[in-house]
Each structure stands twice: as structure tokens, then as C-alpha cells.
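Below: one structure, written as C-alpha cells.
The values are calculated or read from the model by the stated rules, or taken from the named source; none is laboratory data. Keep in mind that this is a model prediction, so the values were computed, not measured.
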Amino acid sequence: MIRGALNLPRLPSVKKRKRSRFAKLSGMAILLFRLRHVPEDEAEEVRQLLTDEGIAFYETSAGNWRISMPAIWLSDDSQLDQARELLDRYQEARLAKARMEYEARIRDGSHETLWKKFLREPVKVSFYLGAALLVLYLSVQVFLSLGSS
């Protein structure tokens with residue numbers, strides 16, 4: 001099993017929420033998966049997974065002003081357990097894949113460190129480092145001047 005080989009932590013399972021009596025009677029949809037800050041490839045894989053398993057869902061967008069919640073919602077309450085199990089397995093597999101890719105980049109030496117970035121773009125890194133030091137100086141300078149008065 002992949003988890004044992006990589007010492008991956010067990011992902012916390014999604015808590016099963018109790019639905020209110022009103023939600024059960026009115027047939028309200030159930031939030032399954034929030035899409036905010038989710039890469040497009042992951043969102044597409046989740047959509048494909050749900051479609052392949054025949055789970056009825058619909059999707060809401062963030063809207064024109066990006067203030068709404070983009071998410072995947074279940075239409076049918078009876079498919080909730082199946083959908084959550086699918087998502088848990090998918091996320092475990094995606095975590096294992098990402099961790100293996102990360103460890104492979106470290107072994108290959110292609111993992112980007114601050115030093116490698118400095119060697120590739122010394123002006124940009126120096127500028128950001130200088131800006132950070134300036135902010136730090138301006139933040140601390142007030143307190144240092146209080147002690148010398």
C-alpha cells in the first residue's frame with residue numbers, strides 16, 4: 001500500500017453533518033466539494049470521477065465579482081456517502097502522487113530552493129530581499145528610537 005511505503009498521514013475524513021429537518025423536507029442540495037483555490041485539473045478530475053460513478057451533481061461558480069462560493073453540490077441525498085468515499089480515496093491518491101513527485105524532484109536536484117532561485121534571478125531575489133529588509137527596518141526603527149530617547 002502506498003501510505004505505508006511513504007509514511008503518509010491519514011487524511012481526516014469529512015465530518016458527516018446532520019441535516020436539518022427543513023433541509024430534508026425541502027430537498028436542499030448538499031455541499032460536497034468547495035472549488036475556491038482548487039487547481040483546474042483537480043476540479044476536472046473530481047467532475048469526471050462523479051460523472052463516471054453516476055452521481056448526480058451540479059456546480060456553482062464564483063460569479064462575476066468572485067464573491068459567491070464556487071462548489072460542487074449533490075442533488076441526491078442518498079448518494080452522499082458514496083460521493084464522500086470516492087472523494088476521500090481520490091484525495092488520498094492525489095496526495096500520494098504529489099508527495100512522490102516532490103520527493104523525486106528532491107532526489108533529482110530539480111527542486112527549486114531559494115539559493116537556486118538566487119542563482120537564476122539574482123536581481124529579482126535581491127530586490128525582494130531588500131524590500132523585506134526595508135519593511136523590517138521601518139517596523140522596528142520606531143521601537144529602537146524610543147529606547148534611545
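Can you find even one residue in region 45-54 that is modelled with pLDDT under 95 and aliphatic (A, V, I, L, M)?
no
Which count do you get for residues in region 92-149 that are over 30 Å from E45 (Cα atoms) and not hydroxyl-bearing (S, T, Y)?
Residues meeting the conditions: 29.
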